[in-house]
Amino acid sequence: TKRVRGVQIYRPFVYGTEAIPFDPENRPKDAPPDHTHKWKVFVRGVNNEDISYWLKKVQFKLHDTYANSVRMIESPPFEVEETGWGEFEIAIKFYFVPESNEKPQQIWHGLKLHPYHGDIEQQKRDRSMVSSVCYEEVLFNEPVEAFYDILTGG
Ligand code: SLL
C-alpha cells in the first residue's frame, strides 16, 4: 500500500437525472396512482466511456418515501429507474475498486421533474424530457501503486 508521492490523478464522470411525465393514456401498470413521472438517476463515463476500472459500485439513496430507499448498483450501468411524484435530493455514493484503498465518496444531486423555464402544462402535453446533468471529476491524491497502475494502464 505504498502511495505514489506527489501525484494527482483525475477521472471525469457524468451524473444526473432524466424525467418524463407519464403518458396519461398509457400509465405504467405497476405505478401507484399518485405517481406522475418516470425518472432515472445515473453515473456514467463521459461519452459513455467505461469507468468500471476505477468505480466498483454506486449506492443511490432515494427519498424515504420509497420502499428500499437505498439502492446499491454493483456493476454498470450505474443507474436506478423509478417512478414518482416529487423532487428530492439523491445521495450518490461512489465505491472505488478494492485495489484503490480509497474511502467511498458521496455527492448529492437534485432530482428534477419539472422544467426550470416555460410552461409546466405545456411540458405535460409535450411529454418532453427534463434532464439535470453535471460533469465532475474525482481526484485521486497520491494513489497507492497498484491503483496508479490500473489508472494509467501500466
Ligand atoms: C416533496 N420533499 O414533498 C419532497 C418529497 C418525495 C417523492 C418528495 C414517491 C415515493 C413513493 C415520490 O415521488 N416521493 O413511491 O411513494 O416534494
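The values are calculated or read from the model by the stated rules, or taken from the named source; none is laboratory data. Values in this document were obtained by computation on a predicted structure and should not be read as measured data. Quick reminder, even Gly has a Cβ in these numbers, built from the backbone with ideal geometry, and neighbours come from all protein chains shown. Each accessible area value is taken on the protein alone, full model and side chains, heavy atoms only, with ligands, DNA and RNA left out. Shrake-Rupley method; radii C 1.70, N 1.55, O 1.52, S 1.80 Å.
Key figures
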quantity	calculated
Other-chain or far-sequence residues with amide H under 5 Å of T83's (modelled H)	W39
Length released on extending from N141 to D30, taking residue separation times 0.36 nm less the Cα-Cα span	35.4 nm
The chain, relative contact order in percent, only Cα pairs under 8 angstrom and at least six apart counted	36 percent
Spin-label pair W108/V46, simplified geometry with 7 Å Cα→Cβ offset, distance in nm	2.7 nm
Accessible carbon and sulfur surface of the chain relative to its total accessible area, %, 1.4 Å	48 percent
Too-long pairs where the Cα-Cα distance tops 19 Å, listed order kept, from K40/K112; K56/K93; K38/K61; K61/K124	K61/K124
Structure-based [θ]222 nm, the chain - -39500 (n - 2.57) summed over DSSP H runs of at least 4, per residue, nearest 500	-2500 deg cm²/dmol
Qualifying trypsin sites (Lys or Arg not before Pro) in segment 109-141, DSSP loop, other Cβ atoms within 10 Å at most 14	R127
Net dipole in debye of segment 1-147 [+1 Lys, Arg Cβ; -1 Asp, Glu Cβ; about Cα centre; nearest 20]	400 debye
Sparse-neighbourhood loop sites, trypsin sites (Lys or Arg not before Pro) in segment 1-102 - DSSP loop, at most 14 other Cβ within 10 angstrom	K2, R5, K29
Loop chymotrypsin sites (Phe, Trp or Tyr not before Pro), segment 59-144 (other Cβ atoms within 10 Å of the site Cβ: 11 or fewer; DSSP)	Y116
Descending semi-axes in whole angstrom, ellipsoid equivalent of segment 6-154, from the Cα gyration tensor	35, 16, 12
